[in-house]
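Everything on this sheet refers to the single structure shown next.
A short reminder: the numbers here are calculations on the coordinates, not readings from a lab. Fair warning: this is a prediction, and the values are worked out from it, not measured in the lab. Here the Cβ positions follow ideal geometry from the backbone for every residue, glycine too, while neighbour counts run over all protein chains shown.
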């Protein structure tokens, strides 16, 4: 077992031991977790990301329902501990189905939400990430393209891959657990995270990664954990600036938010997944006005989402308040590919160079 | 300009020339297209796929609306012809936005559906595929993993890649236009197309591609054109059997249908995209019963979808009628990962080997 795996396993066993000790001491076993709602996430100035606040809730075995929850936790801990010992992995969905084979019917999950939530609970209380439990997501991360040479530790041995020279036009597929990657050498000046596949392909076709020494990370909409993790590592370990390029609508600002500040659902992992240094390139509401981009009117749900962002602690900065208020004012949103209304090269010849210079990145 | 590109360009110019000739001959210009509905697709015994029937509809310039449609077609033809000449490419969405820069306001698209439909119309009348027009999809194809060495022609030169030895655990990312790939050599016995990422990862973790000499193609839900195209080419050029492994519900049967028989939307491309030899491994309703898989009850929309499949010419075979009727009878559906209820190795040690032997593939 790798040192990392042994460590994760020990954390899990400690949890089970705690229940044991509670029993032994004549106490009703319980597990305490931070409350996971928007009102209980707060800014941690030290790490620069949003984390859970002080409010907690307790799962206690003092009811049948609560006892059943802890029973499921114990069975899951056993499964995960075995999985780590055997060097295997599984998906959240497999865990749900696998519970049908457990000898105790009461320990079986009744829905996938239940098993998903439990794994998140275990992440929070153990301080070990899902990836370190060897739980894979259903869908893998996206792709990288740019001047980076890396080494990936696969089950079939090590692979050294240059993310321009050794890959096709599709780029390098980020594995489920990007901590299996070691960065070897690079010629990257900055990391550019891009929301849509169409724009990612435009940048690659126009050779933007080559001309500007940038690593293009495809976010593929709301980014998978693997994509956010590798972005964080690029920023952390290689000390590279990270900029995020999305559509100009409230849903895309959330994509930026999850890259930069973490998400409410995974606030316990912000230090592992979020890149507080990440900055937003656009499409900004200001760009819609300045570049006179083709736009669509905001729908009611867009307006609601913008208003809820004004309340979201992650967006309470002068920059975002100004942009969101401008957007509510003009009542418009634009897609990143709307830049094509000025020609296919406008984004790489004009828009990005101007914005990156303004931001001091280039 | 590559020979292929010159050819595609010539087909487009021919179309424009037809309008010109109609004008010159004092006729009102028009364009005739096959009607694109389920009732107008029929089985072509020669190619083994479903194609459009004889019913057609005509776009004529005898109304302002019709004239505007043909005007847009002509502007789009010019754009595509220039794009081919310059060796560039673009996405459907970029085309939509780009039309804003056209000098004639009447030629500009009013919605993305309009430009998407027009490009499909041009595919049908010219007999040239979108990929050969250099129109990229928004999202790229999925990944390959298995004993295949290929050469991809990229904008940055040729890349030789072995889809096990030269890739990470994420596999080889299929490029937008898989016709840029040449198959070099392989040790593949059969191609296994898999719907979900979780199952794809399970097969790769368990070394199924290695043990069974199979190429695992991740479909990622409803497969992109690039994924269907490469599957067709593997079957055609390398003469490899193709089997499809999905969830056991009506939506997944449609995924199989689009791989094997083509889709209604792209019936004009069936010979290019469909793999009529492809066979369905499962999850079959029979499997839900035989292997006593964990299941969910069919929803109303599931039942409707199954009933509409019974009417769909692509599913009018004894095999599918029996399976669909059994499913309506038992009222259940199962996911492919439900096989994990028998343990994580059940799918690779028992289920797939049994099914493949039954089917005569292994």
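Counting pairwise Cα distances across chain A, what percent come out greater than 38 angstrom?
Looking at chain A, the distances longer than 38 Å represent 25 percent of pairs.
What do you get for Rg/Rh of segment A:300-362 when both radii come from the Cα atoms and Rh is the Kirkwood radius?
We get a ratio of 1.06 for segment A:300-362.
Of all the C-alpha pairs in segment A:208-265, what % are more than 20 Å from each other?
Cα-Cα pairs of segment A:208-265 separated by over 20 Å account for 26 percent.
Quote the relative contact order of chain A in percent (integer), defining contacts as alpha-carbon pairs under 8 Å separated by 6+ residues.
Contact order relative to length: 14 percent.
Per-residue counts of other Cβ atoms within 10 Å, averaged by peptide: what ranking do you get for A:203-216, B:327-340, highest first?
Listed from highest to lowest mean packing, they are B:327-340, A:203-216.
Can you list, shortest first in nanometers, how far residue B:28 lies from the same residue in the other copies, with each label 7 Å from Cα toward Cβ?
Spelled out, the distances from residue B:28's label point are 8.2 nm.
On C-alpha positions alone, give me the angle between the axis of helix A:300-311 and the longest principal axis of chain A, in degrees, nearest 10.
Helix A:300-311 and the main axis of chain A meet at about 70 degrees.
Of all DSSP beta bridges in the protein assembly as shown, what percent run antiparallel (nearest 5)?
65 percent
Taking beta carbons within 10 Å but only from partner chains, what does the mean come to for residues B:175-184?
For this peptide, the per-residue mean of nearby foreign Cβ atoms is 2.
Whole-Å semi-axes of segment B:246-362's equivalent ellipsoid, largest first, each the root of 5 times a Cα gyration tensor eigenvalue?
Over the Cα atoms of segment B:246-362, the semi-axes work out to 24, 19, 12 Å.
Taking the Cα-to-Cβ direction at residue B:28 and at residue A:10 and moving 7 Å from each Cα, how far apart do the two end points lie in nm?
8.4 nm
Taking a point 7 Å out from Cα toward Cβ as the label site, list the nm distances between residue B:16 and the same residue in every other copy, smallest first.
7.2
Taking 8 Å as the Cα distance limit and 6 or more residues as the minimum spacing, I'd like the relative contact order of segment B:1-140 as a percentage.
27 percent
At residue B:304, label 7 Å along Cα→Cβ: distances to the other copies, nm, ascending?
Going from nearest to farthest copy, the values are 2.3 nm.
Which angle from 0 to 90°, rounded to the nearest 10, does the C-alpha axis of helix A:3-24 make with the longest principal axis of chain A?
The angle comes out at about 40 degrees.
Counting only DSSP beta bridges with both residues in chain B, tell me the antiparallel percent, nearest 5.
Here the antiparallel bridges make up roughly 65 percent for chain B.
Would you please state the base-10 log of I(q)/I(0) at q = 0.07, 0.08, 0.10 1/Å for the protein assembly as shown, with intensities from the Debye formula using one equal scatterer on every alpha carbon?
-0.54, -0.71, -1.13
Please give the peptides B:24-32, A:259-267 ranked by average Cβ packing (other Cβ atoms within 10 Å per residue), highest first, as a rough proxy for protection.
Ranked by mean Cβ neighbours within 10 Å, highest first: A:259-267, B:24-32.
Given segment B:80-173 reduced to its alpha-carbon atoms as identical point scatterers, what log10 I(q)/I(0) does the Debye formula return at q = 0.20 Å⁻¹?
So the normalised log intensities are -1.02.
Using only Cα atoms, tell me the angle between helix A:225-237 and the longest principal axis of chain A; keep it within 0 to 90° and round to the nearest 10.
Roughly 70 degrees between the two axes.
Using 11 Å as the cut-off for backbone N distance, which residues of segment A:299-319 belong to the label zone defined by a point 7 Å from the Cα of residue A:325 along Cα→Cβ?
Within reach of a label on residue A:325, which here means backbone N under 11 Å from a point 7 Å along Cα→Cβ, segment A:299-319 contributes A:318-319.
Compute from the Cα atoms of segment A:138-181 the Rg and the Dmax, the latter being the longest Cα-Cα distance, and quote both in angstrom.
10.2, 29
Order of B:348-360, A:84-96, B:145-157 by packing, highest average Cβ count within 10 Å first?
Packing proxy ranking, top to bottom: A:84-96, B:145-157, B:348-360.
For segment B:143-358, take N as its residue count and report Rg(C-alpha) divided by 2.2 N^0.38 Å.
Working it through for segment B:143-358, the quotient is 1.02.
I'd like the mean, over residues of B:195-201, of how many other protein chain beta carbons sit within 10 Å of each residue's own Cβ.
Average neighbour count from other chains, rounded to a whole number: 6.
Averaged over its residues, how many other protein chain Cβ atoms are within 10 Å of peptide A:94-103's Cβ atoms?
The per-residue average across the peptide is 6.
Looking only at Cα atoms, what is the convex hull volume of segment A:5-136 per residue, in Å³?
With only Cα atoms used, segment A:5-136 gives 133 Å³ per residue.
Which value does Rg/Rh take for segment B:229-304 over its C-alpha atoms, Rh per Kirkwood?
Over the Cα atoms of segment B:229-304, Rg/Rh equals 1.06.
What is the residue of chain A with the smallest Cβ distance to the axis taking A onto B, and what is that distance in whole Å?
A:173, 3
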